[in-house]
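Chemist: Dropping the structure in here first, questions after.
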């Protein structure tokens, strides 16, 4: 019986690792040649209808060529992406690195410099970004930009979850270049 339990555990772990690699490949490593962009822009009408939403643009960027110096490549177990957002009353982008791992059927990520944590949940050809933890001693995502700190995702706001469809790579390139 003990041997059966060990075999079952090994098969389950192997299947979990394979599933993690598959979902990572589909949404990041193999998506758009390993250089994928997910983004959402909100128009004035949407923002007027959702006054508690402060984010007007948001994106998640991945380029498989970008990795930590200590690791030769990104993998399902550990990969780097980027996040950028523009607030309703700001003209500039706030951008930060995301350090992610595949966890079950989703990706858990934390922002560099104690900026908070998010979960990216596959939703057909899009990712659902969900704020799961705050940064900098707050309950919000916090990123330093050229004009100070930008934050979103406080409980009770309309900034806790976003559906980010796959977008043209040039969109993410223009944000990252700023």
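Chemist: Filtering the range 126-177 down to residues that are within 22 Å of residue 46 (Cα to Cα) and in contact with a helix residue (DSSP H, G or I) (Cβ under 9 Å, 6 or more places away or on another chain), which residue is surrounded by the fewest Cβ atoms within 10 Å (Cβ to Cβ)?
Modeler: Restricting to residues being within 22 Å of residue 46 (Cα to Cα) and in contact with a helix residue (DSSP H, G or I) (Cβ under 9 Å, 6 or more places away or on another chain), the top hit is 166.
Chemist: Need the failing condition index for residue 74 against (1) at pLDDT 95 or above; (2) more than 18 Å from residue 174 (Cβ to Cβ); (3) touching a helix residue (DSSP H, G or I) at 6+ places or on another chain (Cβ under 9 Å), just the number.
Modeler: For residue 74, the exception is condition (1).
Residue-by-condition table, conditions (1) surrounded by 12 or more Cβ atoms within 10 Å (Cβ to Cβ); (2) in contact with a helix residue (DSSP H, G or I) (Cβ under 6 Å, 6 or more places away or on another chain); (3) at pLDDT 95 or above; (4) in a helix (DSSP H, G or I):
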| site | (1), (2), (3), (4) |
| --- | --- |
| 4 | no, no, no, yes |
| 7 | no, no, no, yes |
| 15 | no, no, no, yes |
| 19 | yes, no, no, yes |
| 24 | yes, no, yes, yes |
| 27 | yes, no, yes, yes |
| 32 | yes, no, yes, yes |
| 59 | yes, yes, yes, no |
| 62 | yes, yes, yes, no |
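Chemist: Separate question: So residue 47 clears everything in (1) farther than 25 Å from residue 19 by Cβ; (2) free of Cβ contacts under 8 Å to residues at least 40 places away in the same chain except one condition, right? Which one?
Modeler: It fails just one condition, (2).
Chemist: Within the range 128-148, how many residues are touching a strand residue (DSSP E or B) at 6+ places or on another chain (Cβ under 6 Å) and free of Cβ contacts under 8 Å to residues at least 24 places away in the same chain?
Modeler: Within the range 128-148, residues that are touching a strand residue (DSSP E or B) at 6+ places or on another chain (Cβ under 6 Å) and free of Cβ contacts under 8 Å to residues at least 24 places away in the same chain number 2.
The values are calculated or read from the model by the stated rules, or taken from the named source; none is laboratory data. Just so we're clear, the structure is a prediction, and the values are computed from it rather than from any experiment. Positions of Cβ are backbone-derived with ideal geometry, glycine not excepted, and every protein chain shown enters the neighbour counts.
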